[in-house]
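The values are calculated or read from the model by the stated rules, or taken from the named source; none is laboratory data. For clarity, every value in this text was computed on a predicted model and none was experimentally measured. Using ideal geometry, Cβ is built from the backbone for each residue, glycine included, and neighbour counts are taken over all protein chains shown.
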Amino acid sequence: MSLLEVNNLALSFAGLHVIKALDFNVEEGSIASLIGPNGAGKTSIFNCLTGFYKPTAGEIVFNGKSITRRKPHKITRLGMARTFQNLRLFKSMTVLENVMSGMHCRSSAGPIGAIFRTDFQQKEEARINEFCETCLDFVGLLEAKDRVASNLAYGDQRRVEWARALATQPKLLLLDEPAAGLNHDEKQQLIELINRIRDQLNITIFLIEHDMGLVMKVSEKITVIDYGEKIAQGNAEEIQNNQKVIEAYLGKEEDEIV
């Protein structure tokens, strides 16, 4: 069953066609990847999926509902979360506060409750605090919850972002180049974390990534785009042996993919 369906998606800026008649789907419970050369339109696709860009044409269906022109916070509330290629933490806030900010879409106490510290508001805050600590524990950062986010190592700041995304309680998690800037050991930990998120939390994962070793190890389905168009889709073996993919993206590095 498809959790995400993209049909005939197109995006243009001032006559420049960034995405062209794109079709693909992500199966519920799967780990899927989107790859392509720099400038192929990958992040633009993520921006369309999450409401930051409005498509020129086409339709995006998530969990049976059209989200083509919904606002980002409404898409998040429906169960789609993302991380970004560049870190977007509140660096002067603590690790726990950063993760708690991800639950804004799930809170119901209004400004009056916050001002007067009503019983309902205090109970909800305690619930949010507890859940966010659970998210931090899942990514291995619970002991750092009271540290200022900017004082963490880069790899740990990445994990704060993942914990914040998990705090939104997503059905689908979009990861935009999660391995960027990570060393070898951190990438191995990332592979384990991606599999644990899917297997233990039942969250479908869709990622953009340039590290082909990581993509081939974790992905059950890979969509390849070039100049905004889909040129291939399949499993790791099929993508590795696809001549269009080799010519457009992998080139001479094809033998280095493991």
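Worth a mention:
- Boolean, Arg158 is more than 26 Å from Asn38 (Cα to Cα) and either part of a helix (DSSP H, G or I) or in contact (Cβ under 8 Å) with a residue 40 or more places away in the chain (or both): no
- Any hit, the range 209-223, residues being polar (S, T, N, Q), buried (at least 18 other Cβ atoms within 10 Å of the Cβ) and under 20 Å from Leu4 (Cβ atoms): yes
- Listed by position, the strands (runs of 3 or more DSSP E) inside the range 1-108 whose residues that are over 30 Å from Ser150 (Cβ atoms) number at least 3 are 2-13, 16-27, 31-35, 57-62.
- In the set (1) surrounded by fewer than 20 Cβ atoms within 10 Å (Cβ to Cβ); (2) over 18 Å from Gln233 (Cβ atoms), Glu28 fails one condition alone, (2).
- Scanning the range 201-215 turns up at least one residue that is among the acidic types (Asp, Glu) and modelled with pLDDT under 95.
- Tabulated pairs, the range 205-216, first part of a helix (DSSP H, G or I), second basic (Lys, Arg), C-beta under 7 angstrom, 6+ apart or interchain: Leu214/Lys187
- Residue within the range 167-185 that is part of a helix (DSSP H, G or I) and within 19 Å of Val26 (Cβ to Cβ) present: no
- Candidates Leu207, Leu193 - the one that is under 18 Å from the mean Cα position of the chain (by Cα) and closer than 22 Å to Ala10 by Cα: Leu207
- Scope the range 135-171; condition within 27 Å of Ile75 (Cα to Cα) and loosely packed, with under 14 Cβ neighbours inside 10 Å; matching residues: Asp137
- Scan of the range 66-120 for residues that are modelled with pLDDT under 85, surrounded by 14 or more Cβ atoms within 10 Å (Cβ to Cβ) and of a type in the set (S, T, N, Q), ordered by number: Gln85, Ser107, Thr118
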